[in-house]
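For reference, the structure discussed in these notes is given below.
The values are calculated or read from the model by the stated rules, or taken from the named source; none is laboratory data. Note that the structure is predicted; figures quoted are calculated from it, not measured. Ideal geometry is used to build each Cβ from the backbone, glycine not excepted, and the neighbour counts take in all protein chains shown. Note: areas computed on protein heavy atoms with side chains; ligands, DNA, RNA excluded. Shrake-Rupley method; radii C 1.70, N 1.55, O 1.52, S 1.80 Å.
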Amino acid sequence: MTEALDTAIHQTPLHQRHEALGARLIEFGGWMMPVQYSGILEEHRAVRERAGLFDLSHMGELFVTGEDAGRALAYALVTNPPALREGRAQYSMICAPDGGVIDDLIVYRLGPEGYLVVANASNAQVVSDALAARLDGFKAVLDDRSLATALCAIQGPRSVEILTPLTDVDLGALRYYAIAEGTVAGIKALVARTGYTGEDGFEVFVDTARAEELWDALFAAGQGAGLLPIGLGARDTLRLEAGMPLYGNELDRETTPFDAGLGRVVKLDKPGDFVGRAALEKVAEAGPSKRLVGLVMQGRGIARHGYPVHAGDRSTGVVTSGTQSPTLGKAIAMAYVETACAGLGTALEATAGTTRIPVRVVKRPFYAGGTHR
């Protein structure tokens, strides 16, 4: 690695904690991140059965405030943030004028004139720049606190048990996709009941300077419950089992929300214009030419990212993500295929070189056992 590349990669404020725990670190989205600690399978099962602790400090945190904050975000994004009640959140997207997805986001309403937009690490600067441009002319201020904010997630069926003694937030009253201000281990924090695993859990935002204190407190509190630190490897298998899209795999500039089966997030009935409306109205009316589907392997092998998908001798699409599901004990994947091949139960083949892997279209998510509702 060259010196120039070294200086271009960020380290999270928990980098030393990861090294001390023996994590294998890789570059991801411009950050050095742990891909695994004890092992992907062990970490995956910890989250499904007990609890896992994640460092998500690479994510982008963009605060939008002001008299027009809600209207500005309604113009910038495909959802309708002003419709959110205070303390609630929504899954959203920021799209290009042609309807392609720039990034998928979570938007939290913090107050009457305050919102938090959380962007993916690899797109954080792009989203920040796009929001700044789209907020022009509105009485709204964008404050990019990505480097000033640390984010830890605790996910799994024992997460409530672990977090409750540490916080003054009433976790029992905190609904799925809600957020509250309070303290965790005596540290001022925003606590959200959101996550990327298909399990119940929480995401805790604190100032970067308090990140190590937060991590240490959560880690210590979870030891009696079997909590493990979790890397990107298990995070990916968990989100794939839950059928959740990953930007760069299932979502990109060549894909619209309707292609991804996420047309429900596009609020064409909201008042006023928004970036991408005209293009997305056309897709909504005509229907997408491709559809994101779930696949289960019918034979041996795993359909990996980039594998072509065939209907007989005809190419019909491409695999976006694939893995051996630790929870289900079988190989699963997501793929874009032509709409005519997207029906449940459709028999297709994923191609690995000269090998054809029989697959069947199934309903997503593959696993939906633990998410709090």
Of the residues Thr354, Ala130, Thr237, the Cα lying farthest along the dipole of the chain towards its positive end, which is defined by charges on the beta carbon of Lys, Arg, Asp and Glu, belongs to Thr354
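Given charges of +1 on the Cβ of Lys and Arg and -1 on the Cβ of Asp and Glu, with all other atoms neutral, how large is the dipole of segment 224-315 about its Cα centre, in debye to the nearest 20?
Details: 13 positive and 11 negative charges, 28 e Å.
Roughly 140 debye, rounded to the nearest 20.
Keeping the other protein chains in place, figure out the carbon and sulfur percent of the accessible area of segment 132-255, with a 1.4 Å probe. Mind dumping the intermediate values first?
Working: 2370 of 4660 Å².
After summing per-atom areas, the C and S share lands at 51 percent.
How much accessible area per residue does the chain have, in Å², with a 1.4 Å probe? It would help to have the intermediate numbers written out before the result.
Details: 15540 Å² over 373 residues.
Accessible area per residue: 42 Å².
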Share of pairwise Cα separations in segment 151-203, more than 16 Å, in percent
29
For the chain, how many pairs of lysine residues have a Cα-Cα distance under 25 Å, where the two are 8 or more positions apart or belong to different chains?
9
Rounded to whole angstrom, the alpha-carbon centroid of segment 56-70 lies from that of segment 309-337 at a distance of 35
Taking only Cα atoms and a 10 Å spring cutoff, compute GNM fluctuations for the chain and point out the largest among Ala130, Ala333, Ala153.
Ala130
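Hey, got the dipole for the chain? About the Cα centre, +1 on K and R Cβ, -1 on D and E Cβ, debye to the nearest 20?
Numbers: 36 positive and 44 negative charges, 296 e Å.
Dipole magnitude for the chain comes out near 1420 debye.
Report relative contact order for the chain in percent, whole number only (criteria: Cα-Cα under 8 Å, sequence separation at least 6). Write down the numbers at each step before the final one.
Working: 874 pairs, mean separation 66.5, N = 373.
Relative contact order here is 18 percent.
In debye to the nearest 20, how big a dipole does segment 293-373 give about its Cα centre with +1 on each Lys and Arg Cβ and -1 on each Asp and Glu Cβ?
Details: 9 positive and 3 negative charges, 55 e Å.
Here segment 293-373 has a charge dipole of around 260 debye.
At 222 nm, what value in deg cm²/dmol follows for the chain if DSSP H runs of at least 4 each add -39500 (n - 2.57) and the sum is divided by all its residues, to the nearest 500? Before the final figure, lay out each step's value.
Details: 9 runs with 78 residues, N = 373.
Rounded to the nearest 500, the figure is -6000 deg cm²/dmol.
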